[in-house]
1. Looking for whichever is closer than 22 Å to Val28 by Cα and in a helix (DSSP H, G or I) here; the options are Leu97, Leu85, Leu111. Which one fits?
2. Do you know which residues across segment 156-173 are in contact (Cβ under 8 Å) with a residue 12 or more places away in the chain and surrounded by fewer than 20 Cβ atoms within 10 Å (Cβ to Cβ)?
3. Taking into account only those residues within segment 36-51 that are over 24 Å from the mean Cα position of the chain (by Cα) and surrounded by fewer than 13 Cβ atoms within 10 Å (Cβ to Cβ), which is modelled with the lowest pLDDT?
4. In this structure, is Gly137 crowded, with 18+ Cβ neighbours inside 10 Å and more than 18 Å from Val103 (Cβ to Cβ)?
5. When segment 183-203 is examined, which residues are found to be part of a loop (DSSP other than H, G, I, E, B) and surrounded by fewer than 24 Cβ atoms within 10 Å (Cβ to Cβ)?
6. Of all residues being of a type in the set (A, V, I, L, M, F, W, C) and over 17 Å from Ala193 (Cα atoms) in segment 116-145, which is modelled with the lowest pLDDT? Just the residue, please.
7. Name the pairs: first residue in segment 76-95 and under 17 Å from Phe146 (Cβ atoms), second residue not hydrophobic (A, V, I, L, M, F, W, C), Cβ to Cβ under 8 Å, at least 6 apart or on different chains?
Amino acid sequence: MPAAGTPAWLWDVFAVTTPATALTMLAVARGWTDRADRRLFDRLQFAATRADGKPRRLATAARDIVALGGDTLRILFVLGCVLGLIADRRATTAAALFGVAAVARLSLFLLKRVVRRPRPDVDRQAVVTFTSSFPSGHTFMAVVTFLAAAILIPVGMPPMLVDVAIGFALIAALLIGVVRVALGVHWPTDVAAGWLAAIAWTCGSLLLVGRLLN
């Protein structure tokens, strides 16, 4: 059961996304998704190639979308939220947001080191990568950062605005992942696993934080 002050639906989402993440990881490890991964990857690559010679705004938009999931903008976003919460005398919430994001980043690094899935074998000179492919770090960290902020920061806001913030976090992170596939740096299941795992991680972390603070 969720602790007092924690959204009641966190447990339900955690209970659904955790086994879904495990099944996705098992399917990838066993190679069950290889054919579907390759087919969807090729289609997104084809679409990206066709768009590349068209309006340059598409390439610029793709670059900007991916940047939202990168470390630089995410760190600035978290620091801005933390400073704002501290200024609002909500140091406990600020610590919770920072802790959830920081531990998630460390866990992602360790997971990539363990799995070591190769990146797609395409020419991607425009994009530099430093880690293995599974899961999508941009997708994972975007969900954790934006979703945790959308849940922790609003106080006294109408429920509809909170729902919009949560929906934006999930859709923005998924869009970041799709663009990463189009750029040739991830398989589709990297994005799916990152998205599901991040939702499970965020919900589980906030449930734990809620219990520790109550």
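1. Numbers: Leu97 fails: closer than 22 Å to Val28 by Cα; Leu85 fails: closer than 22 Å to Val28 by Cα.
That would be Leu111, the only listed residue that is closer than 22 Å to Val28 by Cα and in a helix (DSSP H, G or I).
2. Kept after step one, since they are in contact (Cβ under 8 Å) with a residue 12 or more places away in the chain, are these residues of segment 156-173: 162, 165-166, 168-170, 172-173.
The answer is Val162, Ala165, Ile166, Phe168, Leu170, Ala172.
3. Taking segment 36-51 as the starting set, the residues that turn out to be over 24 Å from the mean Cα position of the chain (by Cα) are 46, 49-51.
Now restrict to residues that are surrounded by fewer than 13 Cβ atoms within 10 Å (Cβ to Cβ): 46, 49-50.
Numbers: Phe46: 68, Thr49: 61, Arg50: 57.
The selected residue is Arg50.
4. Values: crowded, with 18+ Cβ neighbours inside 10 Å: yes; more than 18 Å from Val103 (Cβ to Cβ): no.
No; evaluated as a whole, the condition is false for this residue.
5. So the first thing to find is which residues in segment 183-203 are part of a loop (DSSP other than H, G, I, E, B), and the list is 183-187.
Of everything in segment 183-203, those that are part of a loop (DSSP other than H, G, I, E, B) and surrounded by fewer than 24 Cβ atoms within 10 Å (Cβ to Cβ) turn out to be Leu183, Gly184, Val185.
6. Out of the qualifying residues, it is Ala126.
7. So the pair list comes out as Phe77/Thr145; Val78/Thr145; Leu85/Thr93.
Conditions (1) over 30 Å from Arg90 (Cβ atoms); (2) touching a residue at least 24 places away in the same chain (Cβ under 8 Å), marked per residue:
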site	(1), (2)
Ser107	no, yes
Pro120	yes, yes
Ser132	yes, no
Ser136	yes, yes
Ala148	no, yes
Leu175	no, yes
Leu183	yes, yes
Asp190	yes, yes
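The values are calculated or read from the model by the stated rules, or taken from the named source; none is laboratory data. Predicted model, so just to flag it, every value in this text is computed and none were measured. Note that we place each Cβ from the backbone using ideal geometry, even for glycine, and neighbour counts take in every protein chain shown.
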